Amino acid sequence: MAFLKQFKLFLHSTNSTNCLRFDTSTKYNKLFSSGAVFSSNENVIYPNVKTFKHQHITLISLNRPDDKNSLNVATLNDLRKAITNFENDSSSKIGILYGEGGSFCAGIDSNEFSKAPQIYDEFLQSHCQKPIIAAVSGFAYNIGFDLCLWCDMRIVEENAVMAIDRKLNMSKSKPFLKRLLKTIGYSKTMDLLLTGRDVNSKEAFESGLANRVVACGSSVGQAVNMAFNIGKFPQQSINYDRSVIHKIISE
């Protein structure tokens, strides 16, 4: 219960969904459905990405809700800055990545499609130097699916969907395919890769794509609860073990 007294909760409803959504700029003294509460400490806003820090947790949100947080070059550059600042902040142990307005990330901005492959591949080949959790709501398509797997764990809302959109004439990145293959195996990978069908939260959990399935609107709160639990452990050994896992995956 002491944990619940340390924070305040920020909720708001969106026009695109009937679910409540987490927003660090709207201050209401209400309990989140996960039981976590927040109070503002540090809030940094880039043009397309927002970061919010409390104690040892840094929340990073894609902030293009009108475009379902689809990525373009500018947004990716903002995301890189936010991730780098998180990695360099010795007081921040765990990161949470999510999307504003009800969707995690619906893919790549079609206006910058021709620039996408090399720029995004370079980012996906990297590894965050600290644990980072994806809080997934709405759509996680294409590069959004990639970003989910780039994170260490995925807290997925029950109405979320993941997919590789085969209507786009674009090959997937090698890092993504390798992570997907190691996560769900050959047969399932080929299924998703060839059909491009949607994967709902239940199937995502059963196949290992989702670590938790949570109620609509609660993914960020649940991710924060998990981040607080992870933050209680010695971080040096955690980060060493992560580096070993990443090395194995990269082989």
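The values are calculated or read from the model by the stated rules, or taken from the named source; none is laboratory data. All values derive from a computational prediction rather than experimental measurement. Here Cβ is always computed from backbone atoms with ideal geometry, including for glycine, and neighbour counts include all displayed protein chains. Side chains included, ligands, DNA and RNA excluded: accessible areas come from the protein's heavy atoms. Shrake-Rupley method; radii C 1.70, N 1.55, O 1.52, S 1.80 Å.
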Practice problem: Name every residue in the stretch 156-167 that is closer than 19 Å to D121 by Cβ and hydrophobic (A, V, I, L, M, F, W, C), in order of residue number. | Solution: I164
Practice problem: With the checklist (1) under 12 Å from the mean Cα position of the chain (by Cα); (2) not in a loop (DSSP other than H, G, I, E, B) in hand, flag the one item N77 doesn't pass. | Solution: (1)
Quiz item: Out of the stretch 120-169, which residues are touching a residue at least 12 places away in the same chain (Cβ under 8 Å), assigned to a loop (DSSP other than H, G, I, E, B) and within 21 Å of D198 (Cβ to Cβ)?
Solution: S137, G138, N142, C151, E158, N159, A160, I164, D165, R166, K167, L168
Quiz item: Just checking, how many residues over the stretch 191-248 are part of a helix (DSSP H, G or I), open to solvent by 50 Å² or more (accessible area, probe 1.4 Å) and either modelled with pLDDT under 95 or not acidic (D, E) (or both)?
Solution: 15
Self-check item: Filtered residues of the stretch 169-190 (kept if out of contact with any helix residue (DSSP H, G or I) (no Cβ under 8 Å at 6 or more places or on another chain) and open to solvent by 60 Å² or more (accessible area, probe 1.4 Å))
Solution: N169, Y186, S187, M190
Quiz prompt | Unique residue being more than 21 Å from A140 (Cβ to Cβ), more than 16 Å from the chain's Cα centre (by Cα) and at pLDDT 85 or above when the list is D67, D89 | solution = D89
Self-check item: Selection within the stretch 141-167 - open to solvent by 20 Å² or more (accessible area, probe 1.4 Å) and out of contact with any strand residue (DSSP E or B) (no Cβ under 8 Å at 6 or more places or on another chain)
Solution: N159, R166, K167
Practice problem: Select from the stretch 33-64 the residues that are within 21 Å of F228 (Cα to Cα), outside any strand (DSSP E or B) and in contact with a helix residue (DSSP H, G or I) (Cβ under 9 Å, 6 or more places away or on another chain) and write down the one among them that is modelled with the highest pLDDT. | Solution: H56
Quiz item: What is the number of the single condition among (1) over 17 Å from the mean Cα position of the chain (by Cα); (2) of a type in the set (A, V, I, L, M); (3) over 26 Å from S126 (Cβ atoms) that M170 does not meet?
Solution: (3)
